[in-house]
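> One structure coming up, written as structure tokens, with questions to follow.
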Amino acid sequence: MKILVTGGLGFIGSHTVVELQNKGFEVVIIDNLSNSSIDVLDGITTITGVKPHFEKIDLKEKADVVQFFEKHKDIVGVIHFAASKAVGESVKEPLMYYENNIGTLVYMLQAVSKLEKQNFIFSSSCTVYGQADELPITENAPVKPAESPYGNTKQIGEEIIRDTCKVNDKLKSIALRYFNPIGAHPSAEIGELPIGVPQNLVPYITQTGIGMREQLSVFGGDYETPDGTCVRDYIHVVDLAKAHVIALERLLEDKNLENYEVFNLGTGKGSSVLEAIHSFDRVSGKKLKYQIVGRREGDITAAYADTTRANDVLGWKTELSLDDAMASAWKWEQKIRNK
Ligand code: UFG
């Protein structure tokens, strides 16, 4: 069964390609390499022993998208990762984000709507909840006004898919709302490749651990949380990748209850920034240098998933711990810096 993975050389995309291939799916990757490296293809091939079919296409080029689907009418499922994802950049370049994330989604849905099998998995985010009033966060928590154009593209993206599903009953879609994906493949053949100074916690921790950064700034120590630092639901990227395969199988096997469904993907456990640092210290045997500084604008206090729906309805749950994820991120950091 042929599956298209857009953004398949990116962080979550590449791990999902591995899990799809492990399950025997034939994978076709589209990526424009704007925030990924062609070397990832070798990493995937080393892990699975199978080189996925790759086409360098920019999804903003509608004619190229149309032509691609003309060639691949036998695609039975699409997992759509390709998108820009830097929150700060989206504030500065809103139109770029709307073009990259929304324009391309429309082209994808138009193309998928012409296929015989129309199964579509969408990368969404817990950012749609903002600071939820109740923790843990269920899928029924209200969607809050987005804090950034990036977050808005995820909200609008979900709405576009939901509206399309209403008028096209051949189209079946699942939106997956990720909490905080971290870690790398245990083989250290693929992982996260942040460009420039990392904005996210775990890459900043591992780069500090390896000596590329002086110390970690912990943004805020006066939040209303047990230790004063923000709480997030850090999920191992391999667990996250497996959820995509399960969601896809749900659609392929007609097990979905509605033609548009939403699931939270998290561990259900909140960890503070200090707990993440302690995890790094445990798995690396180092003592990370850090300093508590002022709050970062736009950060919410705490977010972690209620995983009941993902566990009971989707039939998926996480298997790996924060320490597993941190250990894999650290192994990956050491591998790429020693190259
Ligand atoms: N943090 C630090 N120091 C750093 C980096 C982060 O203390 O150098 C803290 C943040 O303040 C936050 C926590 O670590 O409390 C996690 O921060 P990340 O940037 O790793 O993750 P966020 O929760 O802010 O962002 C993630 C995704 C976004 C998404 C957002 C909301 O990276 O794509 O969740 O869902 F929009």
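> Of 174, 182, which residue is in contact (Cβ under 8 Å) with a residue 60 or more places away in the chain, of a type outside the set (Lys, Arg) and over 15 Å from residue 261 (Cα atoms)?
After ruling out the rest, the residue left standing is 182.
> Return a yes/no flag: does region 201-208 have any residue that is of a type in the set (A, V, I, L, M), near the ligand (Cβ under 7 Å from one of its atoms) and either under 27 Å from residue 306 (Cβ atoms) or part of a helix (DSSP H, G or I) (or both).
yes
> Could I ask something else about it? Being in a loop (DSSP other than H, G, I, E, B), away from the ligand (no atom under 16 Å from the Cβ) and more than 23 Å from residue 259 (Cα to Cα) is the filter here, so list the residues in region 293-339 that pass it.
Correct list: 318, 319, 320, 321, 338, 339.
> In the list 91, 128, 78, which residue meets the criterion of being surrounded by 18 or more Cβ atoms within 10 Å (Cβ to Cβ) and within 16 Å of the ligand (Cβ to nearest atom)?
Step by step, each of 91, 128, 78 is checked, and only 128 is surrounded by 18 or more Cβ atoms within 10 Å (Cβ to Cβ) and within 16 Å of the ligand (Cβ to nearest atom).
> Here's a follow-up. Tell me, which residue of region 210-249 that is among the aromatic types (Phe, Trp, Tyr) and surrounded by fewer than 23 Cβ atoms within 10 Å (Cβ to Cβ) is nearest to residue 186 (Cα to Cα)?
Per the stated criteria, the residue is 219.
> Can you name every residue in region 39-75 that is in a helix (DSSP H, G or I), small (Gly, Ala, Ser) and surrounded by fewer than 19 Cβ atoms within 10 Å (Cβ to Cβ)?
The one that is in a helix (DSSP H, G or I), small (Gly, Ala, Ser) and surrounded by fewer than 19 Cβ atoms within 10 Å (Cβ to Cβ): 63.
> Got at least one residue in region 72-84 being out of contact with any strand residue (DSSP E or B) (no Cβ under 9 Å at 6 or more places or on another chain) and modelled with pLDDT of 95 or more?
Yes, the conditions are met somewhere in region 72-84.
> Can I ask one more? Of the residues 157, 196, 191, 183, which is surrounded by fewer than 21 Cβ atoms within 10 Å (Cβ to Cβ), among the small types (Gly, Ala, Ser) and away from the ligand (no atom under 11 Å from the Cβ)?
Among 157, 196, 191, 183, only 196 is surrounded by fewer than 21 Cβ atoms within 10 Å (Cβ to Cβ), among the small types (Gly, Ala, Ser) and away from the ligand (no atom under 11 Å from the Cβ).
> So in region 258-292, with the set limited to residues that are hydroxyl-bearing (Ser, Thr, Tyr) and not in a helix (DSSP H, G or I), which one is nearest to residue 168 (Cα to Cα)?
260
> Does region 11-21 contain at least one residue that is surrounded by fewer than 17 Cβ atoms within 10 Å (Cβ to Cβ) and either modelled with pLDDT of 95 or more or touching a Pro at 6+ places or on another chain (Cβ under 6 Å) (or both)?
No - not one qualifying residue is present in region 11-21.
> State all residues of region 131-142 that are surrounded by fewer than 17 Cβ atoms within 10 Å (Cβ to Cβ) and free of Cβ contacts under 8 Å to residues at least 60 places away in the same chain; if no residue qualifies, say none.
133, 134, 140, 142 - these are the residues of region 131-142 that are surrounded by fewer than 17 Cβ atoms within 10 Å (Cβ to Cβ) and free of Cβ contacts under 8 Å to residues at least 60 places away in the same chain.
> Then there's this: Only residues that are more than 12 Å from the ligand (Cβ to nearest atom) and touching a residue at least 60 places away in the same chain (Cβ under 8 Å): list them for region 266-292, please.
267, 268, 280, 284, 286, 289 - these are the residues of region 266-292 that are more than 12 Å from the ligand (Cβ to nearest atom) and touching a residue at least 60 places away in the same chain (Cβ under 8 Å).
> How many residues are in contact with an Asp or Glu (Cβ under 6 Å, 6 or more places away or on another chain) and of a type outside the set (Val, Ile, Thr) if we restrict to region 300-318?
Counting residues in region 300-318 that are in contact with an Asp or Glu (Cβ under 6 Å, 6 or more places away or on another chain) and of a type outside the set (Val, Ile, Thr) gives 3.
> Of the numbered conditions (1) in contact with a Leu (Cβ under 6 Å, 6 or more places away or on another chain); (2) acidic (Asp, Glu); (3) within 13 Å of the ligand (Cβ to nearest atom), residue 214 satisfies every one except a single condition; which is it?
It is condition (1) that residue 214 fails.
> Go through region 19-40 and report how many residues are within 27 Å of residue 316 (Cβ to Cβ) and over 17 Å from the mean Cα position of the chain (by Cα).
8
> Let me ask another. Of the residues 166, 255, only one is over 14 Å from the mean Cα position of the chain (by Cα), at negative phi and not in a helix (DSSP H, G or I); which?
That would be 255, the only listed residue that is over 14 Å from the mean Cα position of the chain (by Cα), at negative phi and not in a helix (DSSP H, G or I).
> Has region 110-121 got at least one residue that is assigned to a helix (DSSP H, G or I), within 16 Å of the ligand (Cβ to nearest atom) and either touching a strand residue (DSSP E or B) at 6+ places or on another chain (Cβ under 6 Å) or touching a residue at least 40 places away in the same chain (Cβ under 8 Å) (or both)?
No, region 110-121 has no match at all.
The values are calculated or read from the model by the stated rules, or taken from the named source; none is laboratory data. What you see is a predicted model; the values in this text were computed from it and never measured. Because the Cβ atoms are built from the backbone with ideal geometry, glycine has one as well, and the counts that use them run over all protein chains shown.
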